[in-house]
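A short worksheet on the structure shown next.
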Amino acid sequence: MATAEIDSSTSLSSDLLYDILRRLDGPSLAKAACTCADFSSISKEEVLWENACHSLWPSTHRDDVRSLISSIGGFRRFYADCFPLIVSEGIPAVQADSNLPYPDEWTENDYYGDNDENESVVPSDFISIVDVRYKEKTVYSKVLWGITDSDGYNGWFHHCPFRIDLLSYSDGSDDDDNDVLLSVDDGLPPITSVERERKDGKLWRDLHEGIKLSWIIVNSRLKQAANLASWSPLGGQRHWPADRNFLLRFGSILPAKDILPCQVAECIIVMKFSIVNTGNGEGGMATALRLTELSMQLEDMAGAHVNGRNSLLVLKEALSCRRSRNYSQVLEYCHLYLKAQNEFKEEKIRNESWFDRLYIISSIAVVAAFCFCYIF
């Protein structure tokens with residue numbers, strides 16, 4: 001009996017090819033689209049990318065978020081904008097600039113200067129879509145429409161430090177619950193005491209390796225989106241500020257050309273957990289971590305908080321900057337920024353020390369001259 005040789009995907013039905021592609025995640029779907037014309041054509045189906053977004057960002061299941069994504073270009077574009085991470089290529093230039101002005105020399109107009117561009121950037125245009133996963137399980141999702149309390153009296157938002165504390169606000173959904181607990185049922189390793197955790201650090205390592213964060217900022221007017229988080233923690237502190245607390249830091253380095261004198265800003269996303277006693281563990285101690293803080297703020301090269309006005313401009317600039325799917329490259333630029341920041345602060349300390357010595361010498365000289373005139 002003769003058999004037909006299958007030498008290409010053209011002999012497969014479109015339904016079968018579609019069924020294959022719908023089982024793939026976003027990166028695999030993008031790779032498959034490059035293999036042949038049939039996969040490339042079918043991979044343009046919006047529903048495939050909608051499924052990919054739903055699996056990665058559970059917040060996109062909400063009807064209001066789906067409508068938002070459709071209005072800014074669809075799920076395929078949303079995935080392409082938000083899956084890669086932001087890469088700011090201006091950091092090496094900042095590191096090499098020895099003439100960078102110090103914060104003490106910045107005038108109020110330099111830092112708060114009026115910019116006509118401010119009129120086109122309003123807090124209500126920015127939507128935060130946040131998802132937290134632990135060991136591939138979603139533990140927290142939140143959507144924040146606009147920036148709450150940004151329309152305060154006398155425009156205080158524009159001149160005060162910018163900060164979004166996500167647990168302080170309700171997203172308006174019926175199932176909104178800010179009480180987030182991680183327990184042994186979620187895969188958290190059991191511990192019997194805080195003292196033991198201090199010695200072996202097992203809980204801290206597991207939390208640091210297992211937690212993933214995505215904080216997407218969408219500008220509904222510009223129809224642009226970007227992921228400001230780093231997926232995995234960039235650093236953190238255990239047993240700080242108290243024995244039962246854990247702090248994780250996520251974020252990214254954002255371009256701030258013509259916005260801040262230092263030309264770059266650091267987006268810092270802080271996630272804090274606290275060990276709580278649920279009363280169901282051995283000796284009355286159960287392994288459970290409560291999420292106590294999830295906040296975002298922007299800082300300049302000197303570590304000073306960026307005000308609301310400039311933060312909006314920086315966020316707007318970040319929406320159109322370069323992205324990369326290479327996580328190692330993202331980390332490299334973060335390390336370059338930290339190195340440049342440390343050199344910046346060390347140089348500032350050296351200059352301050354020189355001025356202090358000059359002040360002391362001048363004071364001694366004045367006192368000596370006064371004594372000399374008084375005696376003679």
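What the table below lists for this structure:
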| quantity | calculated |
| --- | --- |
| Carbon and sulfur %, accessible surface of region 16-86 computed with the full protein complex present, 1.4 Å | 53 |
| V194/K44 FRET efficiency (R0 35 Å; Cβ-Cβ; nearest 0.05) | 0.10 |
| Pairwise FRET efficiency - E89 versus N351, Cβ, R0 = 25 Å, nearest 0.05 | 0.35 |
| Heavy-atom accessible area per residue - region 16-86, 1.4 Å, Å² | 47 |
| Nearest-20 debye value, region 16-86 charge dipole, Cβ charges on Lys, Arg, Asp, Glu | 100 |
| Rounded percent of accessible protein surface that carbon and sulfur make up, region 240-376, 1.4 Å probe | 57 |
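The values are calculated or read from the model by the stated rules, or taken from the named source; none is laboratory data. From a predicted model like this one, the values you see are computed outputs, not experimental measurements. In this analysis, Cβ positions are derived from the backbone assuming ideal geometry, glycine residues included, and neighbour counts consider all displayed protein chains. For accessibility, only protein heavy atoms count, side chains too; no ligands or nucleic acids. Shrake-Rupley method; radii C 1.70, N 1.55, O 1.52, S 1.80 Å.
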